[in-house]
1. For the Cα atoms of the chain, what angle does the longest principal axis make with the long axis of helix 98-110, in degrees from 0 to 90, nearest 10?
2. Given axes a ≥ b ≥ c from the Cα gyration tensor, I'd like to know whether the chain is rounded (a/c under 1.5), prolate (a/b larger than b/c) or oblate.
3. Using a/c under 1.5 as the rounded threshold, could you call the stretch 191-296 rounded, prolate or oblate? The axes a ≥ b ≥ c are square roots of the C-alpha gyration tensor eigenvalues, and prolate needs a/b larger than b/c, oblate otherwise.
4. In degrees from 0 to 90, rounded to the nearest 10, what is the angle of the helix 203-215 Cα long axis to the longest principal axis of the chain?
5. Quick one: grab the alpha carbon gyration tensor of the stretch 230-283, order the square roots of its eigenvalues as a ≥ b ≥ c, and give me rounded if a/c is under 1.5, else prolate or oblate depending on whether a/b is larger than b/c.
6. Rank by packing, highest mean first: peptides 95-103, 155-163, 310-318, 178-186, with packing defined as the count of other Cβ atoms within 10 Å averaged across residues.
7. Arranged by the count of other C-beta atoms within 10 angstrom, fewest first, what order do 60, 221, 341, 77 take?
8. Over the chain, what is the mean sequence separation of C-alpha contacts under 8 Å (at least six apart), divided by residue count, expressed as relative contact order in percent?
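Any read-out appearing in this document is the output of simple, stated calculations on the displayed coordinates, not a laboratory observation. Just so we're clear, the structure is a prediction, and the values are computed from it rather than from any experiment. Cβ placement follows ideal geometry from the backbone for every residue including glycine, while neighbour counts extend to all protein chains displayed.
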Ligand code: SF4
């Protein structure tokens, strides 16, 4: 079993060099170690993250062919960093009809896609039966993996139906839900959440939904959206929360981080310039690889960072390129609109000197290049 290093209060200030040494020695990093990584030279931090990636996940870089489908953009949660939602009653609000939904899934399947990543909007009028019937209708027609509904949506259904998270999740699983994306994680520190998304699930609720999902047998991913009002320490606290839950359930399949895309959002004017975004991204990703010692898979977020930085991420701890993203509405609304085909993703991976493989949702390689 790995050992916990002492708190800074007991051991004095941790310097970044000691933290890197501990990580390389296979020791678990404390919060103080993780905080020290903010000052580590980026190249040294990257080298350690790359070595830990190699030990935990090997050299192959995977990706999946899937499509993002947003079944509605109507939402009454009003997060200040979100450019995607429309208030209930807004003329641009939509709920996809079955025919529209089937059309998008058929296109995905025709293009070789194996997974639908489906999320809202938290629509005030959609109840649990609506979600159950949608999942059943999709599964009756298509052999696709449904990776759907963030903790925010699960929490909303539990509240509307007066059911526990486990009861909601079991019913959705019975109807065809296969796994859950980790959307809405943002930063798992309530000071930050209360500032940027006061109506959204609390840290405890987000973790409780994930724990319940793992408990009923649904794997999930874990995310971090940074770059709003949080400190580096709060980013590291977020990682500690994920690591602790992963210790107890083992249900997180992957970790994905990206920075706030200001675009046309209410929060944009309230955020100070944080300096070079690429450096901040690579530092945050690499630190995540060091801290999350119980996660095998880390995705490169090329959709928000662009293909070049997405490729550099492969040298800073990432072992997965996410998906070909046939459709991405949420970050596109905020201004990030990068797209790559299967061939482009494979070239990017191979140009980085790494073998490429297409994977399924369990991160098993299903096609090598
Ligand atoms: S981030 Fe999600 S929950 Fe928040 S306003 Fe946008 S759609 Fe709604």
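1. Result, in degrees: 50.
2. In terms of gyration-tensor shape, prolate.
3. Since a/c reaches 1.5 but b/c is at least a/b, the shape of the stretch 191-296 is classed as oblate.
4. Long axis of 203-215 versus the principal axis of the chain: about 70 degrees.
5. Prolate is the answer for the stretch 230-283, as a/c is 1.5 or above and a/b outweighs b/c.
6. The peptides rank, most packed first, as 310-318, 178-186, 155-163, 95-103.
7. Arranged by neighbour count, lowest to highest, 60, 221, 341, 77 become 341, 60, 77, 221.
8. After rounding, I find 23 percent.
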